[in-house]
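Following: one structure in structure tokens, then a few remarks.
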Amino acid sequence: MQARSGTYALIMVCADEQQVDIGKLGRFSAEPGFYVYVGSAFGPGGLKARIAHHARISHCPHWHIDYLRPILHLKQVWYSYDSERHEHRWAGAMSRFKAATIPMAGFGASDCSCQSHLFRFSRKPSDRLYRDRLKCRLKVYRKQSDLIGVDPSPAPSKKGPRE
Ligand SMILES: [Zn+2]
């Protein structure tokens, strides 16, 4: 992962039913399955710094995802290096997956007209299908050692969702 600007999707797993408060949005009920969060990084450090942020648990939650992150296991990151911001297009493309549901309206979408930047799937969505839909150079980051090395959230249990 490089310190360049770009767009990303966090692929996260929820192993057990849990509840958590998401700032002003209120109480969130997480169910076993896959959660996908779409964002972009255009600040200093670019994608590298942002993904490092998401891989850790934030003690001062700032974004909606910071509140949710502690109860999910970060499994993969899909990303592309872009000079333009594509997160809303990516969120739109994710919402058009037939299997996608929106667990909480407005999540990660305080400053845009998207319904949500968070989606839930019973089974892991296909990065190949997503790449085809986006028509972009989507990369998949799945170095488990890198992600888990800094990821204190629970690993999915054996009875967790199937892929
Ligand atoms: Zn948006």
*Determine the share of the stretch 6-149's accessible area contributed by carbon and sulfur atoms, expressed in whole percent, with a 1.4 angstrom probe.*
47
_residue 95/residue 59 FRET efficiency (R0 35 Å; Cβ-Cβ; nearest 0.05)_ = 0.65
*What are the residues whose amide H is under 5 Å from the amide H of residue 28, where those residues sit 5 or more places off or on another chain and H is modelled from the backbone?*
20, 21, 22
*Helix-derived [θ] at 222 nm for the chain: sum -39500 (n - 2.57) over DSSP H runs of at least 4, divide by residue count, nearest 500?*
-6000 deg cm²/dmol
*Under a 1.4 Å probe, what is the accessible area of the chain per residue, stated in Å²?*
53
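Roughly speaking, what % of Cα-Cα pairs in the chain are separated by over 21 Å, rounded to a whole number?
42
The values are calculated or read from the model by the stated rules, or taken from the named source; none is laboratory data. The structure displayed is predicted, hence computed values, not measured ones. No Cβ is skipped: glycine too gets one built from the backbone with ideal geometry, and neighbour counts run over all protein chains shown. Please note that ligands, DNA and RNA were not included when accessible areas were found on the heavy atoms of the full protein model with its side chains. Shrake-Rupley method; radii C 1.70, N 1.55, O 1.52, S 1.80 Å.
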